[in-house]
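Here the structure comes first, spelled out in structure tokens, and everything after it is commentary.
The values are calculated or read from the model by the stated rules, or taken from the named source; none is laboratory data. Since the model is a prediction, treat every value here as computed from it, not as a measurement. Neighbour counts run over all protein chains shown; Cβ positions are idealised from the backbone, glycine included.
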Amino acid sequence: MAKQDFYEVLGISKSASKAEIKKAYRKMAIKYHPDKNPDDKVAEENFKKAAEAYEVLSDENKKARYDQYGHAAFDGPQGGGFGGGGMNMDDIFSQFGDIFGGGGFGGGFGGFGGGGQRQARVKGSNMRIRVKLTLEEIAKGIEKKVKVRRKVQANGVTYKTCTTCNGSGQQMRVTNTILGRMQTATTCGMCSGAGEIMNSKPNGADAQGLIIEEETVSINIPAGVTEGVQLKVGGKGNEAPGKNSIAGDLLVLIEEIPHETLKREGTNIHYDLYVNFSEAVLGTSKEVETVTGKVKIKIEAGTQSGKILRLKGKGLPSIERYGTGDFLIHINVWTPQELNKEQRQFFEKMSENENFVPNPNKSDKSFFEKVKDMFS
Ligand SMILES: [Zn+2]
């Protein structure tokens, strides 16, 4: 398969400066970083490709060779380094020291990038669960306890120093290239960089010394979450083998259970209230169930169908903590569909009455104006 041009990989021109090359690679490395794209093979490929391109273009000698001979400069029996196999992940992470300036990069991406001699901290895999919430739960925020079956290190597993790398977690590899002898550090293949290997494990543990255990994890769900939001409970995913390993995370996907009578629109909640004809004419009071409890509201005499009552701050809190939405009550006047003889006579008589003639005054907003108001 023909290799993609290194300049193309980084999306830069052949005349790009050293700073531009670095900047382009930094962007790629962040975009395709495996921590941000778990289990995404394409992203991993792009991540490696970008690293390979940067490895060459950031080095004046290699860049000059590449500009003259293209990929052929590093192919063939003398190629070594990055001919066929490309770079492995550890080589890539060891570049990060100069790309991201020392340890600054460490926090965001799980402790990589310290630079120099270090043992890889193996991280366990993440686990994913879904949590279904009612609108009422979303309104208040809630602590949910869920049972998860996660891999944990079995009691009684013992470790010994890896004899292949003597505990350093790295193996030095010397290759001869047309650019000279190159020494690169690669992750120890025996211990995956941990510096230690399992010595003994109890019965029931898997090949990595792990067993599956059921655990109740409590998840603090903040008020105002929305469908599709993903929360992270650090360290409650699967554990990884080894004394220095860290556990993966538990990723919690929020699902919203549709409410029977309430409709959510961002932080606002809409509710259809039906009043009968007499109530609309004479006025009344009604009890309405909001997400935070019952509220008594007054329906004025002569209330028109379509009127919207706004209960300020009775909606949902914003997850970004910019205040709380409103609870909007849409008044629907129920027109009777069946009448007895007496009622029919009454309404027939009233039909001609001046009080029954529609007469919207200027202060009564039209339906369209109300909709406009609602979204402004
Ligand atoms: Zn080793």
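Considering only residues that are assigned to a loop (DSSP other than H, G, I, E, B) and at pLDDT below 95, look in region 280-299 and name the one that is surrounded by the fewest Cβ atoms within 10 Å (Cβ to Cβ).
Start the filter on region 280-299 by keeping residues that are assigned to a loop (DSSP other than H, G, I, E, B), which leaves 283, 291-292.
Subsequent filtering for residues that are at pLDDT below 95 retains 291-292.
Values: VAL291: 20, THR292: 15.
Residue satisfying both the conditions and the ranking: THR292.
Inspect region 279-288 for any residue being touching a residue at least 60 places away in the same chain (Cβ under 8 Å) and not aromatic (Phe, Trp, Tyr) and give the result as yes or no. Break it down into steps so the answer makes sense when it comes.
Within region 279-288, the subset touching a residue at least 60 places away in the same chain (Cβ under 8 Å) is none.
Checked region 279-288: no residue is touching a residue at least 60 places away in the same chain (Cβ under 8 Å) and not aromatic (Phe, Trp, Tyr).
Among the residues of region 186-202 satisfying the criterion of being surrounded by fewer than 19 Cβ atoms within 10 Å (Cβ to Cβ) and more than 14 Å from LYS243 (Cα to Cα), which is nearest to the ligand (Cβ to nearest atom)? Only one residue tops the list, namely MET190.
In region 203-230, the residues that are surrounded by 18 or more Cβ atoms within 10 Å (Cβ to Cβ) form Cβ pairs under 9 Å with partners that are small (Gly, Ala, Ser) and assigned to a strand (DSSP E or B), at six or more places apart or across chains, as follows: GLY209/SER200.
One line per residue, one yes/no per condition, for (1) buried (at least 20 other Cβ atoms within 10 Å of the Cβ); (2) closer than 29 Å to GLN183 by Cβ:
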residue	(1), (2)
ASP5	no, yes
LEU10	yes, yes
ALA24	yes, yes
LYS31	no, no
PRO34	no, yes
ASP39	no, no
ALA51	yes, yes
TYR66	yes, yes
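For region 15-48, a residue qualifies if it is under 22 Å from TYR66 (Cα atoms) and in contact with a His (Cβ under 9 Å, 6 or more places away or on another chain), and exactly one does: PHE47. Which of the strands (runs of 3 or more DSSP E) contained wholly in region 211-267 include at least 1 residues that are of a type in the set (Val, Ile, Thr)? Once the strands (runs of 3 or more DSSP E) in region 211-267 are filtered for at least 1 residues that are of a type in the set (Val, Ile, Thr), what remains is 230-233, 250-256. I'd like to check something: does region 165-185 contain any residue that is of a type in the set (Val, Ile, Thr), out of contact with any strand residue (DSSP E or B) (no Cβ under 8 Å at 6 or more places or on another chain) and more than 8 Å from the ligand (Cβ to nearest atom)? The answer is yes, given that some residue of region 165-185 is of a type in the set (Val, Ile, Thr), out of contact with any strand residue (DSSP E or B) (no Cβ under 8 Å at 6 or more places or on another chain) and more than 8 Å from the ligand (Cβ to nearest atom). Tell me yes or no: at least one residue of region 178-194 is at positive phi and in contact (Cβ under 8 Å) with a residue 12 or more places away in the chain. Scanning region 178-194 turns up at least one residue that is at positive phi and in contact (Cβ under 8 Å) with a residue 12 or more places away in the chain.
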